[in-house]
Amino acid sequence: MNITFIGGGNMAGAIIGGLLTRGYAAGALRVVEIAPAARQRLEQQFGVRTYAAVSPEAVDSDCIVCAVKPQQVREAAIALKPLLSRQLVISIAAGIRATDLSRWLGGYQKLARAMPNTPALVGAGCTGLYALPGVGGEDRSRVDAILGAVGSTLWLEREEQLDAVTAVSGSGPAYVFYFIEALQQAAQELGIDPAAARQLALGTFSGAVKLAADASEDLATLRARVTSKGGTTERAIACMDADQIRARIVTAVRAAAQRSRELGVEFGRD
């Protein structure tokens with residue numbers, strides 16, 4: 001499978017690195033990137049061919065991954081439009097609806113959308129996927145292979161569900177970092193030095209996530225096991241419940257999903 005990336009930023013680099021780790025040949029990968037310094041970096045780091053602009057040679061591939069910023073997708077689509085025939089097009093640009101991208105490509109239907117998150121940069125991403133009806137089983141497998149190179153994938157039945165994916169897993173790493181920051185701050189205020197506070201916060205979070213991932217019980221059961229009656233954890237949870245922390249997190253994620261829907265409308269305008 002030959003793959004062309006339109007845009008050579010961090011996420012494209014992460015996917016390229018993941019593909020190479022999984023045995024893909026560098027010669028099967030191409031990148032269109034307008035910045036000379038970025039092209040040089042990609043060539044040196046990965047050994048892939050790079051191009052300064054979209055051209056017939058650059059997009060003579062089985063798959064084209066659109067990895068430019070959302071506000072640049074329409075311009076990239078205009079350049080791609082006359083060069084498409086059989087290629088599968090995968091967009092990882094947040095907020096760009098498949099219907100809008102299809103329209104910019106002259107009604108092209110072999111389109112899929114992917115919403116990866118930043119842990120993909122370390123091979124631990126979680127990516128939501130959606131494809132137009134014109135994408136068959138073989139092409140879906142190709143999408144899985146490409147995005148699966150940087151973590152887990154999840155297929156969605158409806159495109160609008162990607163707004164929820166954006167709000168939960170796309171923005172989610174920031175929520176996690178926010179909570180870890182708070183744990184670290186609390187540890188420091190309780191007399192732990194900054195380096196040790198960071199170690200405690202990160203180790204606690206990563207350990208709890210591993211425990212949850214490996215357990216057969218639900219999260220509520222795992223939480224209850226830590227929360228002894230009359231103990232320290234019960235006091236902390238009661239404090240959070242009094243401040244409606246859970247409800248506020250749900251409200252925040254809903255706000256992020258709403259913003260994702262708004263951006264889809266804004267980016268989709270001609």
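Ignoring ligands, DNA and RNA, what percent of the accessible area of region 47-114 is carbon or sulfur (1.4 Å)?
52 percent
By how many degrees, between 0 and 90 and to the nearest 10, does the Cα long axis of helix 36-46 differ from the longest principal axis of the chain?
Long axis of 36-46 versus the principal axis of the chain: about 70 degrees.
Compute the semi-axes of the equivalent ellipsoid of the chain, taking the square root of 5 times each eigenvalue of the Cα gyration tensor, and list them largest first in whole Å.
Sorted largest first and rounded, they come to 40, 21, 17 Å.
For region 29-136, give the share of DSSP beta bridges that are antiparallel, in percent and rounded to the nearest 5; count only bridges with both residues there.
Close to 30 percent.
Percentage of Cα-Cα pair distances in region 52-148 greater than 18 Å, rounded to whole percent?
43 percent
Note down the magnitude of the dipole of region 109-206 about its Cα centre, charges +1 on Lys and Arg C-beta and -1 on Asp and Glu C-beta and zero elsewhere, to the nearest 20 debye.
240 debye
I need to check one value: relative contact order of region 124-270, counting alpha carbon pairs closer than 8 Å and at least 6 residues apart, in percent.
That works out to 24 percent.
Please work out the Cα center distance from region 221-253 to region 58-126, rounded to the nearest Å.
41 Å
Can you show me the helix-derived [θ] at 222 nm for the chain, built from DSSP H runs with n ≥ 4 at -39,500 (n - 2.57) apiece and divided by the number of residues, rounded to the nearest 500.
Taken over the chain, the calculation gives -15500 deg cm²/dmol.
Anyone know which of THR227, THR50, THR127 comes out most mobile in the 10 Å Cα GNM of the chain?
Judging by the Gaussian network model, the answer is THR227.
Report the relative contact order of the chain, percent, no decimals, based on alpha-carbon pairs under 8 angstrom and at least 6 residues apart.
Reported as a whole number, the value is 15 percent.
Which percent of the accessible heavy-atom area of region 167-252 goes to carbon and sulfur, probe 1.4 angstrom?
The C+S portion of the solvent-accessible surface of region 167-252 is 62 percent.
With N residues in region 100-220, what two-decimal value do you get for its Cα radius of gyration over 2.2 N^0.38 Å?
The value comes to 1.39.
Might you tell me the accessible area per residue for the chain, computed with a 1.4 Å probe and given in Å²?
Here the per-residue accessible area is 55 Å².
Normalising by the residue count of region 72-188, find the relative contact order in percent from Cα pairs under 8 Å and 6+ residues apart.
22 percent
What Kirkwood Rh does region 173-247 have if only Cα atoms enter the pairwise 1/r average? Answer in Å.
About 13.7 Å, per the Kirkwood formula over Cα pairs.
Residues with amide H under 5 Å of ILE64's amide H, sequence separation 5 or more or different chain, H placed in the peptide plane at 1.01 Å from N; which?
THR4, LEU88, VAL89, ILE90
What is the helix-to-structure angle for 232-242, meaning the angle in degrees between its Cα long axis and the longest Cα principal axis of the chain, kept from 0 to 90 and rounded to the nearest 10?
70 degrees
Which one, VAL143, ALA174, LEU211, projects farthest toward the positive side of the charge dipole computed for the chain from Cβ point charges (K/R +1, D/E -1)?
Towards the positive end, the residue furthest out is VAL143.
Quick one: among LEU162, LEU200, LEU83, which has the greatest mean-square fluctuation in a GNM of the chain with alpha-carbon springs under 10 angstrom?
LEU200
The values are calculated or read from the model by the stated rules, or taken from the named source; none is laboratory data. Everything numeric here is computed off the predicted structure, so don't read it as measured data. All Cβ positions, even for glycine, are placed from backbone atoms using ideal geometry, and neighbour counts span all protein chains on display. Accessible surface areas use protein heavy atoms only, side chains included; no ligands, DNA or RNA. Shrake-Rupley method; radii C 1.70, N 1.55, O 1.52, S 1.80 Å.
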